[in-house]
Amino acid sequence: MCAIHQPNLFPRLSTLAKLYAADRWIVLDDVQFARRDYQHRARLAALDEPAHQQWLTLPTHLPDGRRTLISQARLADPGRSRRTASLLIRQYYGRSRHWPAVREVLEAVLDELEDTDRVSDVARASTVALLTALGWSGEVLNSSAIPTREGRSERLADLAAATSSTHYLCGTGGWRYLDTQAFDAHGIEVLSFHTPVDMGDPLWRWARQTSSLWAMSSLGPAAFGEKLIEHRPAVALGVSA
């Protein structure tokens, strides 16, 4: 089962949960960069008061303006971004009893910032570090390395087929435009993914807004992973298109 999603910086729980439920993440890095999206920024929620939130934003340069692809976007000042990420994440989560696990995720990103100015690489590293901390051992591939057709649904179907995926995990946003016939042609089943609708549980209440760093800091990797595993059976049953 594959999930296809753009690289996000310290991704939201709704995004991380979808990737965690899949066996393969195809990083959609050859689509247009959007400043209002999450490739270069994450919303941090305060440890004891998640309603209090602040953006962590890495200033980004787009060589081709609005036409710049995610894979082409560059950090305007990698050194400054490294300092900002380190200070702000420590400020928000440094007093958590699960800080050692969070620090490992942070350090993986800080190491990446030492080696590259590519926004997609940094965002990908942050997501892989979170998934690894949760015990996920799936495959990660870049869409830019896989030939596909131009259409939106056709591209996704081709990516799933090229990686020998038998199922495609589709989020709520994708259902608004997805043409499942493109997947039917490859014999690939489309499953619907959505996070639980439980506004009384802080974990899911802020799932579509805040970075997964809050859940990691609040629960720790073991309990966090168990929460996601609890949700996996519902995902596996899914809604067949």
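The values are calculated or read from the model by the stated rules, or taken from the named source; none is laboratory data. Computed from a predicted structure; not experimentally measured. Note that we place each Cβ from the backbone using ideal geometry, even for glycine, and neighbour counts take in every protein chain shown. Surface accessibility is based on the protein's heavy atoms, side chains included, excluding ligands, DNA and RNA. Shrake-Rupley method; radii C 1.70, N 1.55, O 1.52, S 1.80 Å.
Odds and ends about this structure:
- Taking segment 125-145 as the range and being surrounded by 20 or more Cβ atoms within 10 Å (Cβ to Cβ) and either of a type in the set (S, T, N, Q) or more than 25 Å from Glu226 (Cβ to Cβ) (or both) as the test, the residues that pass are Ser126, Thr127, Ser143.
- Filtering Arg24, Arg74 for residues that are in contact with an Asp or Glu (Cβ under 9 Å, 6 or more places away or on another chain) and within 19 Å of Leu169 (Cα to Cα) leaves a single hit, Arg24.
For (1) surrounded by fewer than 22 Cβ atoms within 10 Å (Cβ to Cβ); (2) touching a helix residue (DSSP H, G or I) at 6+ places or on another chain (Cβ under 8 Å), each residue gets a yes or a no:
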{"position": "Phe33", "(1), (2)": "no, yes"}
{"position": "Tyr38", "(1), (2)": "yes, yes"}
{"position": "Leu62", "(1), (2)": "yes, yes"}
{"position": "Arg95", "(1), (2)": "yes, no"}
{"position": "Val109", "(1), (2)": "no, yes"}
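- All of (1) under 23 Å from Leu130 (Cα atoms); (2) out of contact with any Lys or Arg (no Cβ under 9 Å at 6 or more places or on another chain) hold for Leu219 with one exception: (2).
- Scope segment 50-79; condition over 30 Å from Ser96 (Cα atoms) and part of a helix (DSSP H, G or I); matching residues: Gly65, Arg66, Arg67, Ile70, Ser71, Gln72
- When Val102 is tested against (1) hydrophobic (A, V, I, L, M, F, W, C); (2) within 30 Å of Asp201 (Cα to Cα); (3) touching a Phe, Trp or Tyr at 6+ places or on another chain (Cβ under 6 Å); (4) not in a helix (DSSP H, G or I), exactly one condition is not met: (4).
- Cys170 meets all of the listed conditions (1) surrounded by fewer than 16 Cβ atoms within 10 Å (Cβ to Cβ); (2) within 16 Å of Ala3 (Cα to Cα) but one, namely (1).
- Asn142 meets each of the listed conditions (1) touching a strand residue (DSSP E or B) at 6+ places or on another chain (Cβ under 8 Å); (2) within 23 Å of Leu219 (Cβ to Cβ) apart from (2).
- Out of Leu178, Leu203, Leu191, Leu169, sole residue that is closer than 26 Å to Pro50 by Cα and touching a helix residue (DSSP H, G or I) at 6+ places or on another chain (Cβ under 8 Å): Leu203
- Among residues of segment 173-182, those that are under 19 Å from the mean Cα position of the chain (by Cα) and either modelled with pLDDT of 95 or more or open to solvent by 30 Å² or more (accessible area, probe 1.4 Å) (or both), counted: 1
- Qualifying residue in segment 114-127 (condition: assigned to a helix (DSSP H, G or I), of a type in the set (Ser, Thr, Tyr) and free of Cβ contacts under 8 Å to residues at least 60 places away in the same chain): no
- Whichever residue in segment 183-214 is assigned to a loop (DSSP other than H, G, I, E, B), more than 30 Å from Gly94 (Cα to Cα) and open to solvent by 20 Å² or more (accessible area, probe 1.4 Å) and, among such residues, is modelled with the lowest pLDDT: His194
- Residue check, Leu156 open to solvent by less than 40 Å² (accessible area, probe 1.4 Å), in a loop (DSSP other than H, G, I, E, B) and over 16 Å from Leu228 (Cβ atoms): no
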